[in-house]
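Step one of this worksheet: look at the structure below.
The values are calculated or read from the model by the stated rules, or taken from the named source; none is laboratory data. Note that the structure is a prediction, hence the values are computed from the model and not measured. Using ideal geometry, Cβ is built from the backbone for each residue, glycine included, and neighbour counts are taken over all protein chains shown. Please note that ligands, DNA and RNA were not included when accessible areas were found on the heavy atoms of the full protein model with its side chains. Shrake-Rupley method; radii C 1.70, N 1.55, O 1.52, S 1.80 Å.
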Amino acid sequence: MSGKQAKLTVGDQSIDLPMYSGTLGPDVIDVKDVLAKGFFTYDPGFMATASCESKITFIDGDKGILLHRGYPIEQLATQSTYEEVCYLLLNGELPNQAQMQDFRHRIKNHTMVHEQLQFFYRGFRRDAHPMAVMCGVVGALSAFYHDSLDIRNPEHRQISAIRLIAKMPTIAAMCYKYSVGQPFVYPKNELDYSSNFLRMMFATPCDDYEVNPILARAMDRIFILHADHEQNASTSTVRMAGSTDANPFACIAAGIAALWGPSHGGANEAVLRMLSEIGTVKNVDDFVRRVKDKSDGTKLMGFGHRVYKNFDPRAKVMKQTCDEVLTALGIQDPQLELAMKLEEIALNDEYFISRKLYPNVDFYSGIILKAIGIPLNLFTVIFALGRTPGWIAHWQEMIANPYKIARPRQLYTGAVQRDYVSLQQR
Ligand code: ACO
């Protein structure tokens, strides 16, 4: 409770509504009691609705703050590792050395997928979008791990969490290998998480792949920057699916499906497609004109965010990483120049300023992924891989606490009751 109370007046009725305070962020008004008075609340897109209580991630969109378990994303991205961030999200605290070693050991124990799983891939067309394949394969994991699907058992939940984090890089790399017709590469557990992923992506039975530490660090940072983001669309989807007591693999598959859309995780792919479409710096003005023309339906992909109305702190680190990686590799990517020009024009344009539209995490990630050698249609798969610990942490948090099945109501505006007329009489 916050000690404050809200009062809702509807006609001559007055409804007292309790209020709660978090440790950070706005107070919330508990609107449950309006149901007993015969009302629903109405908030399409959940613009002002706190759907749950959570201790995992905090965002202040006006100040551009993102904290995981209290730690600023800038510090985690530059000083931590992805595996450590996974531990933090799942357990609430940073691990000590023994805990970290144990966590790494457990992850390494589960990097391989069931040998049978490769036959799932073979059921897909080689030119299928890797997100379609990943969604199917992750959902199929529940068919392989019957031994640990009791969601009421904390040990089962824990082992499912470890399995998912450990297997996602293997599954993602297999999506790529399948699409290019190369043999799957087994994980090599002496490597760290991100190096292992890069090797599974780029090694072949004929040529081993020597991992470039700059690329491995960049990959790790990309995973960290995607690891969690509070109650976004895919995480809310995971929670919603989880609220029915569905198993964790099914819930994460639901999250992957929600992430795929270009308004969410699919934006990283859409940014590079947009840059290719623009072509050269001289076409930028014309493109921005189209974006501002509502009848054209063109959006500046990688710009705008439901919560960040100042800047996306992840975009800042991503841009810095982008510069570091391209400099270290000696790459001069004309698309980076194009992206910077686009950013400069947009940030000085009244249309974007008045709507508080700033670059989001996806604006720069694609350029780094391209430099690493990740193909365009795999970008969202990388996002899904990175977001997995966040999804699981939220699922775990929900299941470990009292919850109700998520069942929103609606403002019905369809036909009122009428009688059926038989086909012959219509
Ligand atoms: N380009 C042009 N105009 C935009 C953009 C954009 N990228 N984003 C928002 N706007 C405009 C809207 O048309 C609207 O204009 P209006 O007030 O004149 O009608 C105004 O800005 C407010 O936008 P909304 O759509 O109401 O904002 P909302 O919070 O619902 O949407 C979203 C946020 C979906 C991210 C949106 O900004 C968008 O589509 N961006 C491009 C896709 C993208 O980069 N997605 C990645 C998000 S981050 C992530 O998932 C990792």
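Return one quarter of the surface area of the convex hull spanned by the alpha-carbon atoms of the stretch 1-73, equal to its mean projected area, in nm².
Details: hull surface 24.5 nm².
Convex hull of Cα atoms, orientation-averaged projection: 6.1 nm².
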Unit-weight point scatterers at every alpha-carbon of the stretch 220-305, Debye formula, q = 0.11, 0.12, 0.21 1/Å: log10 I(q)/I(0) is -0.44, -0.51, -1.00
Karplus ³J(HN,Hα) for the stretch 100-114 (6.51 cos²θ - 1.76 cosθ + 1.60, θ = phi - 60°; Hz, whole; x = Gly/Pro) runs 5, 4, 5, 4, 4, 4, 5, 4, 4, 5, 10, 6, 7, 9, 3
Taking 0.36 nm per residue of separation between ARG290 and THR23 and subtracting their Cα-Cα distance, the length gained on full extension comes to 91.8 nm
Excluding residues fewer than 8 positions from LYS4 in its own chain, the lysines with Cα under 29 Å of it are LYS32, LYS37, LYS55, LYS63, LYS309, LYS404
Here the stretch 208-264 gives, from Cα atoms, an Rg and Dmax in Å of 15.1, 45
Phi-derived 3J(HN,Hα) across the stretch 380-390 with the Karplus relation (6.51, -1.76, 1.60, θ = phi - 60°), rounded Hz, x for Gly and Pro, is 6, 4, 5, 4, 4, 4, x, 7, 3, x, x
HN-Hα couplings for the stretch 9-14 via Karplus (6.51, -1.76, 1.60; θ = phi - 60°), in whole Hz with x for Gly/Pro, come out as 10, 10, x, 9, 8, 10
Both in Å, the radius of gyration and Dmax of the C-alpha trace of the chain are 23.3, 79
Sorted on mean Cβ neighbours within 10 Å (highest first), peptides 16-29, 215-228 come out as 215-228, 16-29
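Could you check how much of the accessible area of the chain is carbon and sulfur, as a whole percent, using a 1.4 Å probe? Intermediate values should be presented prior to the final figure.
Details: 11340 of 21440 Å².
Carbon plus sulfur share of accessible area: 53 percent.
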If amide H atoms are modeled at 1.01 Å from N in the peptide plane, then the residues at a separation of 5 or more from ALA6, or on another chain, having amide H under 5 Å from its own are LEU17, MET19
Dividing the mean separation of Cα pairs under 8 Å (6+ apart) by the residue count of the stretch 226-266 yields a relative contact order in percent of 39
Given Cβ charges of +1 for Lys and Arg and -1 for Asp and Glu, the option among ALA140, ALA384, LEU411 whose Cα lies farthest towards the positive end of the dipole of the chain is LEU411
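Which percent, to the nearest 5, of DSSP beta bridges fully inside the chain are antiparallel? Present the calculation step by step, with values, prior to reporting the outcome.
Working: 15 of 15 bridges.
Of the beta bridges lying entirely in the chain, close to 100 percent run antiparallel.
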Residues whose built amide H sits under 5 Å from the amide H of GLY266, excluding neighbours closer than 5 in sequence, are GLY261
With -39,500 (n - 2.57) per DSSP H segment of 4 or more residues and division by the full residue count of the chain, the 222 nm estimate, nearest 500 deg cm²/dmol, is -15000 deg cm²/dmol
Any residue on another chain or 5+ positions along whose placed amide H is under 5 Å from the amide H of PHE303 is listed here as ASN360
One finds the C-alpha centres of the stretch 36-88 and the stretch 239-288 to be spaced, in Å, by 19
The simple spin-label model distance between LYS299 and MET112, using points 7 Å out along Cα→Cβ, in nm, is 4.3
If one builds a Gaussian network model of the chain from Cα atoms under 10 Å apart, the most fluctuating residue listed among VAL291, VAL325, VAL271 is VAL291
Heavy-atom accessible area per residue of the chain, all protein chains kept, 1.4 Å probe, expressed in Å², is 50
Taking max minus min of the Cα coordinates of the stretch 128-266 on each principal axis, largest first, gives extents in Å of 46, 36, 28
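Express the relative contact order of the chain as a whole percentage, based on alpha carbon pairs under 8 Å and six or more residues apart in sequence. Walk me through the numbers on the way to the answer.
Values: 576 pairs, mean separation 84.9, N = 426.
Contact order relative to length: 20 percent.
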